[in-house]
Every structure is written in C-alpha cells, then in structure tokens.
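Just below is one structure, and these are the notes that go with it.
What follows is calculated from the coordinates using simple rules that are stated; it is not laboratory data. Only a predicted model underlies this, so the values are computations on that prediction, with no experimental measurement involved. Cβ: placed from backbone, ideal geometry, glycine included. Neighbour counts: every protein chain shown.
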Amino acid sequence: MLAVADGVGGNNAGEVASNLAVHEITNMMYSYPVGEMETEDVINFLKVAHQKVREVINKESVGEKVGMDTTLVSSVIKDDIAVIANTGDSKAFVIDKGGNVKLKTKEHTYPQYLFDEGIINKDDVKNHPLNNMLTCSITGNFTVDTYKVDLISGDSIILTSDGIHDYIYKEDIISSIKDNIFGNNPREVVAEISEKAFMSSKDNFTVLLYKH
C-alpha cells in the first residue's frame, strides 16, 4: 500500500486532514484481506477506503477543524498488478525502466477541467493562475478515479503531492528514475527529486517511490 495525502491550502486543519487520511486508509489495509482479493475487489476496496476517509474526516471536522480537507492518492500492488485510486490533485505515475510513462493519473483541478473541455491547451494547464483550484477533494466535491496497470520488473510507481509535480517537470522526475536504474536505490531517487523540489517548490511536498 502506498498513499499520499495533501491538506488543502486555505482550509482549516489541512495537516490534520491529511494525517487522518493516511492513517485511516492504512488501518483499512491491515483490517481487510486485500492480499487475497481479486483485482476488481481491490479496485472496489480503494473506492470504499476513500469514502471511509471522507466519513472519518467529516466526523472529526468540529471546532477549529470545521471545513478541513485533503487530497488522497493511493495504490495497492498485488503480484504484477497495481491498482491506483485518486481524489484531488496529488498524482501517481507508473514509469518503466526505459523512462516511458505507462500511466499518469488525472488531476482534479479547474485548469484540467478547462483542458478536458477543449477551452485551453495542454501547455496552459501547468501555468494557469487557478492551478490550485480543486474540482474534487476528500470532503469537497467527491469522486474517486481508479486505474489498473500491469507491472513488469523495473517499473516504478511514484506518488507526489502538487508541491512536486507543479514545480518539477515530468521529464526531470523521469530522469531521476532513469539515472538510478542500475543502482536500484529508491532512496536515492527520492532524495534527488526532493533536492530538486527544495530548489524550486513554493509548497510543502511529499514523494513516495516503489520499484517493482
């Protein structure tokens, strides 16, 4: 199980919400026999898990924590299949050892919506002034996108908050992975990506890496 949650900026107690999200989905992973599930059951499990996270955070939204919100991207790797679920603008990439992107989750942001509607082009999405405006989040307008991808040896799954992918180009993330293929050390990859983020990011950030 991999999970990244990023408290929504401007909302009360975003850090509390993101911590609750990761804690709750991790607890669910250990409470259910996910390792024995078929792929479709794992997809349903992650959908239910995101919904459960929503319920828990809403229940805890009292006093100064009223209105707290977070994003959540999660993944379960079972044998040679990865199942990924996403709510918000945190992101998952699946990249093969040649640096090819096998899968990239779609961000739930207003610029992405404008692109999907054909109103702006792809190059305008990243630098749009409303790039941080979410169309979906855990306690806001709620949805869960799910993805399934076959894995082979050497594939990498990387989960990032927007403090990474809004400030570092996808090509730089890929190059960090490719440069470390033969060393096969995920810690070095994460350290390199984090160093790039420290130099350019204006937001806090999280990055997780799994190598198959």
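With R₀ fixed at 22 Å, the C-beta to C-beta distance from Thr143 to Ile81 puts the FRET efficiency at about 0.45. A Gaussian network model of the chain, with springs between Cα atoms under 10 Å, assigns the largest mean-square fluctuation among His108, His165, His23 to His23.
Extension gain for Ala191-Asp116 works out to 23.6 nm (0.36 nm per residue, less the C-alpha to C-alpha distance). Among the listed pairs Lys148/Lys211; Lys102/Lys170; Lys78/Lys102; Lys52/Lys102, a Cα-Cα separation exceeding 19 Å is found for Lys52/Lys102. Note on the chain: with a GNM built from Cα contacts shorter than 10 Å, the maximum mean-square fluctuation among Met28, Met37, Met68 falls on Met37. Distance between the 7 Å Cα→Cβ label points at Tyr169 and Lys52: 4.2 nm.
Each stretch of four or more DSSP H residues adds -39500 (n - 2.57); spread over every residue of the chain, this sum gives -11500 deg cm²/dmol at 222 nm.
Build a GNM of the chain with springs between Cα atoms under 10 Å apart, and of Val73, Val190, Val125 the one that fluctuates most is Val125.
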